[in-house]
1. Report yes if GLN72 is open to solvent by 30 Å² or more (accessible area, probe 1.4 Å), within 28 Å of LEU190 (Cβ to Cβ) and at pLDDT 95 or above, otherwise no.
2. Any chance you could count how many residues in region 78-99 are in contact with a strand residue (DSSP E or B) (Cβ under 8 Å, 6 or more places away or on another chain) and either surrounded by 19 or more Cβ atoms within 10 Å (Cβ to Cβ) or over 17 Å from ASN122 (Cβ atoms) (or both)?
3. Name the residues in region 113-137 that are surrounded by fewer than 16 Cβ atoms within 10 Å (Cβ to Cβ), outside any loop (DSSP other than H, G, I, E, B) and touching a residue at least 24 places away in the same chain (Cβ under 8 Å), would you?
4. For region 162-197, what are the residues that are of a type outside the set (Val, Ile, Thr), part of a helix (DSSP H, G or I) and in contact (Cβ under 8 Å) with a residue 40 or more places away in the chain?
5. Taking region 143-171 as the region of interest, how many residues are surrounded by 11 or more Cβ atoms within 10 Å (Cβ to Cβ) and among the polar types (S, T, N, Q)?
6. Please enumerate the residues belonging to region 53-64 that are open to solvent by less than 90 Å² (accessible area, probe 1.4 Å) and over 21 Å from the mean Cα position of the chain (by Cα).
7. If you go through region 27-52 one residue at a time, how many are under 26 Å from PRO134 (Cα atoms), open to solvent by less than 40 Å² (accessible area, probe 1.4 Å) and among the small types (Gly, Ala, Ser)?
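The values are calculated or read from the model by the stated rules, or taken from the named source; none is laboratory data. All values derive from a computational prediction rather than experimental measurement. Here the Cβ positions follow ideal geometry from the backbone for every residue, glycine too, while neighbour counts run over all protein chains shown. Protein only, heavy atoms only, side chains kept; ligands, DNA and RNA dropped before computing areas. Shrake-Rupley method; radii C 1.70, N 1.55, O 1.52, S 1.80 Å.
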Amino acid sequence: MSPGRPMTPTASPARLTVITGPSGVGKGTLVGRLLERHPTIWLSISATTRPARVGEEEGRHYFFLDRGSFEQQLASGGLLEWAEFAGNLYGTPRRPVEEQLEAGRPVLLEIELEGARQVRRNFPSATQLFVAPPSFAALEQRIRGRGTDNEAAISRRLARAQVELAASSEFDAVLVNDDLEVALLELEQLMGLPSLA
């Protein structure tokens, strides 16, 4: 772990934690393990204007909104962050996050860099964490090791990763995901959670 911005001590673990990092760094695995160990954490659910896919449930996978409702929430300050992708709008509704925090539950938001920057402006009390690879070469090896992308897609991911890694100093702390168990313990510590190791 390396420092970014100075951390503000928080007495209660019932706070919003934002986690971001480049594709291939292992954010999803880290978050999945954290939720297994701490099922009281609420993983924030995004709103989207795209239609539900087979098996997706309202309020579990997404909040499904028509474009007018989404834009109304955006105009009224009801979204912590938002973006448009492939003609659909995606965003993080503020009210469910606030309701979970008011109920005493820690809330985790796994998001892209630009979304994390928006949350920083709209919810400045959130703890912002950046997950980094042990090295750029290790990240490239992980992305290539997936075997899911062609060379052009790999080049795009790596170029994006360089931009994201350059922004790591904006965050409250940087977790280097070299050893998953060590990174998990550091994440628990930063979120004020009891370690279950």
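1. Values: open to solvent by 30 Å² or more (accessible area, probe 1.4 Å): yes; within 28 Å of LEU190 (Cβ to Cβ): no; at pLDDT 95 or above: yes.
Against the criterion (open to solvent by 30 Å² or more (accessible area, probe 1.4 Å), within 28 Å of LEU190 (Cβ to Cβ) and at pLDDT 95 or above), GLN72 does not qualify.
2. 12
3. GLU114, ASN122, PHE136
4. Taking region 162-197 as the starting set, the residues that turn out to be of a type outside the set (Val, Ile, Thr) are 162, 164-173, 175, 177-181, 183-197.
Okay, now just the ones that are also part of a helix (DSSP H, G or I), so 162, 164-166, 168-170, 180-181, 183-190.
The answer is GLU164, LEU165, SER168, SER169, GLU170, LEU180, ALA183, LEU184, GLU186, LEU187, GLU188, LEU190.
5. Just the residues of region 143-171 that are surrounded by 11 or more Cβ atoms within 10 Å (Cβ to Cβ), to begin with: 143-144, 146, 149, 153-158, 160-162, 164-165, 167-171.
Those left that are additionally among the polar types (S, T, N, Q): 155, 162, 168-169.
Summing the residues that are surrounded by 11 or more Cβ atoms within 10 Å (Cβ to Cβ) and among the polar types (S, T, N, Q) in region 143-171 gives 4.
6. GLY55
7. Within region 27-52, residues that are under 26 Å from PRO134 (Cα atoms), open to solvent by less than 40 Å² (accessible area, probe 1.4 Å) and among the small types (Gly, Ala, Ser) number 1.
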